[in-house]
Amino acid sequence: MTQWEAVVGLEIHVELKTESKLFCSCPTAFGAPPNSQCCPVCMGYPGALPVLNQKAVLLAVRAGLALGCQIQTSSGQDRKQYAYPDLPKAYQISQYDRPLCLGGRVAYTLDGVSRELGITRIHMEEDAGKLIHEGALTKIDYNRCGVPLIEIVTEPGLHSGAEARAFLRKLHTLLRYADVSDCRMNEGSFRVDVNLSVRPEGAHTLGERTEIKNINSFAFVQKAIESETERQIALMQAGKSVSRETRRFDPATGKTNAMRTKEDAADYRFFPDPDLPPVAVSQDVIEGIRAQLPELPDRKRERWMRTHALPEADACVLCADRALADYYDRAASGAKEPRRVANLVLSELLRLCRSEEFSCPIDPYHVQRIADMLSDGIVNSATAKRLVGMLWQRDTDPCVLVRENGWEQINDKDTLYALLHEAVAVSPRSLEAMRLGKRGAEGALVGYVMKKTDGRANAELLAELIGKLV
């Protein structure tokens with residue numbers, strides 16, 4: 001039986017973080033009343049002339065540099081004929097044969113294995129409006145018309161939904177680090193088109209492909225690829241052919257459905273926009289933007305593993321979100337044991353932060369002070385957890401809280417030994433069970449001492465003393 005493999009390439013549309021649109025001064029704020037952020041330029045009125053937004057170009061260059069692309073000092077601005085109702089002027093200003101960025105690679109990890117996917121190109125273009133389907137009625141909100149986009153086109157180098165999901169997570173992280181977009185998938189500022197074909201394993205030619213449009217969830221991208229792969233393989237095994245078409249993914253059914261036949265480049269009738277000159281970016285500007293890029297996640301992870309002795313798994317979690325990574329960097333700077341800071345952030349702060357985007361009301365320096373008190377034996381882990389919970393509600397100096405409440409860790413052996421003898425008197429069977437080697441038998445003794453000390457006993461010292469009792 002023939003074994004088949006999927007071949008997947010992605011087109012990722014990313015809205016750039018500008019306050020105005022690509023060719024006019026209309027605002028780009030998400031959530032405004034429908035059709036309240038439009039003007040004759042973005043609505044395509046006769047005689048309205050576009051003017052390129054310089055900030056959008058600089059952000060697109062920044063994105064290209066973050067992905068290792070070659071930035072072109074001269075690139076085109078072309079009209080792409082687009083006869084759909086969500087773009088009222090019936091064409092989209094994009095870049096065809098002279099994109100702003102070429103090449104590039106993104107490294108990502110799947111199941112502990114490092115992989116890479118090549119970037120073919122990144123080009124700038126304006127976004128279309130939004131169609132809102134309500135039963136038999138379709139409404140159009142043109143607020144999004146003209147919002148600046150970059151389209152990131154990858155090589156067809158993926159072969160599964162899991163690979164695509166891992167790659168997209170890394171790409172999402174890189175773009176947020178570079179601060180070119182908020183990448184909020186629920187708001188449509190990071191959307192994915194999937195190009196997929198299947199072929200016999202070992203074949204070198206590509207099969208007929210379909211395109212799955214506008215997916216706004218990592219999980220849905222993976223499911224769409226898995227579903228479409230199964231559909232195409234079933235067609236091929238039945239001796240049927242795959243139609244070149246545009247499809248959509250239905251999360252309710254987990255299936256892809258046909259929308260329309262897929263256009264070719266000739267259908268779009270690209271030609272240079274007569275109202276706009278080529279985009280010129282000097283090498284000095286490119287190098288200036290390169291110098292302003294922040295430390296990107298791979299380099300940050302390697303630095304933490306080298307200087308802070310962080311395990312790779314912990315470093316990967318901390319650097320996956322730029323806000324979280326920046327917070328940890330501030331909290332760990334000058335800490336006696338940066339790894340203790342990482343443990344607090346990962347175990348306590350992430351538990352309390354329930355939003356998708358990391359946000360913490362505690363001053364990073366206060367987290368550092370809690371970690372330092374742990375390092376110095378002033379408090380134990382239970383008290384540290386209590387302090388984080390209190391500071392989350394009302395941020396203040398944790399050292400003052402410890403002094404005022406008498407929460408210093410009890411490190412006196414005589415005190416703890418006396419309490420252990422009390423615990424044995426209350427629960428003599430626990431000691432007998434321990435001597436018989438039963439696991440967990442010391443729990444009653446530890447619980448008694450911790451209750452008597454309001455959780456302030458030195459846990460390591462307590463375990464050592466219990467061992468002497470046995």
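Any idea of the accessible area per residue across the chain, 1.4 Å probe, to the nearest Å²?
Accessible area per residue: 49 Å².
Could you compute the FRET efficiency for E19 and K451, with r as their C-beta to C-beta distance and R0 at 60 Å, rounded to 0.05?
Rounded to the nearest 0.05, the efficiency is 0.55.
May I ask you to evaluate 6.51 cos²θ - 1.76 cosθ + 1.60, the Karplus curve with θ = phi - 60°, for each residue of the stretch 174-187 and list the ³J(HN,Hα) values in order in whole Hz, giving x for glycine and proline?
4, 5, 6, 4, 6, 6, 9, 7, 7, 6, 7, 5, 5, 9
Got a sec? What order do T2, T396, T205 fall in by accessible area at 1.4 Å, biggest, i.e. largest, first? Can you show the working numbers first?
Working: T2 75, T396 40, T205 105 Å².
From most exposed to least exposed: T205, T2, T396.
Per residue, how big is the convex hull around the C-alpha atoms of the stretch 134-288? Give it to me in cubic angstrom, could you? Kindly include the intermediate steps, with their values, before the conclusion.
Details: hull volume 30.9 nm³, N = 155.
Per-residue hull volume (Cα only) is 199 Å³.
How about the stretch 274-312: which GluC sites (Glu not before Pro) there lie in a loop by DSSP and see at most 10 other Cβ atoms within 10 Å?
When the GluC sites (Glu not before Pro) of the stretch 274-312 are filtered for loop state and at most 10 Cβ neighbours within 10 Å, nothing remains.
Hey, if you put +1 on the Cβ of every Lys and Arg and -1 on every Asp and Glu Cβ in the stretch 82-236, which of H159, A234, S189 ends up farthest toward the positive end of that dipole?
Value: S189.
So what is the relative contact order for the stretch 217-290, in percent, with contacts set as C-alpha pairs under 8 Å and at least six apart? Write down the numbers at each step before the final one.
Details: 43 pairs, mean separation 16.3, N = 74.
Computed over the stretch 217-290, the figure is 22 percent.
Heavy atoms only, probe 1.4 Å: what % of the accessible area of the chain goes to carbon and sulfur, would you let me know?
Values: 11510 of 23040 Å².
Within the chain, the accessible surface is 50 percent carbon and sulfur.
How large is the convex hull of the Cα atoms of the chain per residue, expressed in Å³ as a whole number?
219 Å³
Report the FRET efficiency, 1/(1 + (r/R0)^6), for K139 and A280, where r is their Cβ-Cβ distance and R0 is 30 Å, rounded to 0.05.
After rounding to 0.05, the efficiency reads 0.15.
Taking the simple approach of a point 7 Å from Cα along Cα-to-Cβ for both R339 and R299, what is their distance in nm?
My value for the distance between the label points is 2.6 nm.
Per residue, how much space in cubic angstrom lies within the convex hull of the C-alpha atoms of the stretch 71-113?
118 Å³
Take every Cα-Cα distance within the stretch 215-257, group them into 5 Å bins from 0 onward, and report for each bin the whole-number percent of pairs it holds.
5, 23, 30, 21, 13, 6, 1
H204 to A323: extension gain in nm, 0.36 nm per residue of separation minus the Cα-Cα distance? Please report the intermediate quantities before stating the final value.
Values: separation 119, 0.36 × 119 = 42.84 nm, distance 4.27 nm.
Once the chain is fully extended between H204 and A323, it gains 38.6 nm.
How big is the Cα convex hull of the stretch 1-87 in projection, averaged over all directions, in nm²?
Orientation-averaged projected area of the Cα hull: 10.2 nm².
So how far, in whole Å, is the C-alpha centre of the stretch 368-402 from the one of the stretch 164-224?
43 Å
Taking θ = phi - 60°, what integer Hz values does the Karplus form 6.51 cos²θ - 1.76 cosθ + 1.60 yield along the stretch 42-58, in sequence order, with x for Gly and Pro?
Each residue of the stretch 42-58 in turn: 6, 8, x, 5, x, x, 7, 9, x, 10, 5, 7, 5, 4, 4, 4, 5 Hz.
For the peptides 76-82, 164-170, what is the packing order when you average, over each peptide's residues, the other Cβ atoms within 10 Å and list the highest mean first?
For the peptides 76-82, 164-170, the packing ranking is 164-170, 76-82.
Based only on the alpha carbon positions, what is the Kirkwood hydrodynamic radius of the stretch 89-226, in angstrom?
Kirkwood hydrodynamic radius for the stretch 89-226: 16.8 Å.
R0 = 56 Å: FRET efficiency of N257 with W392, Cβ-based, nearest 0.05?
Working from the Cβ atoms, E equals 0.75.
Given the convex hull over the Cα atoms of the stretch 267-357, what projected area results after averaging over all orientations, in nm²?
Projected area, direction-averaged: 10.9 nm².
Using the Karplus equation 6.51 cos²θ - 1.76 cosθ + 1.60 (θ = phi - 60°), what ³J(HN,Hα) coupling, rounded to whole Hz, does each residue of the stretch 143-160 give in order, writing x for Gly and Pro?
Whole-Hz 3J(HN,Hα) from phi for the stretch 143-160: 4, 7, 4, x, 5, x, 10, 10, 10, 9, 9, 9, 5, x, x, 10, 10, 7.
The values are calculated or read from the model by the stated rules, or taken from the named source; none is laboratory data. Small disclaimer: the values here were computed from a predicted structure and weren't measured. In this analysis, Cβ positions are derived from the backbone assuming ideal geometry, glycine residues included, and neighbour counts consider all displayed protein chains. Surface accessibility is based on the protein's heavy atoms, side chains included, excluding ligands, DNA and RNA. Shrake-Rupley method; radii C 1.70, N 1.55, O 1.52, S 1.80 Å.
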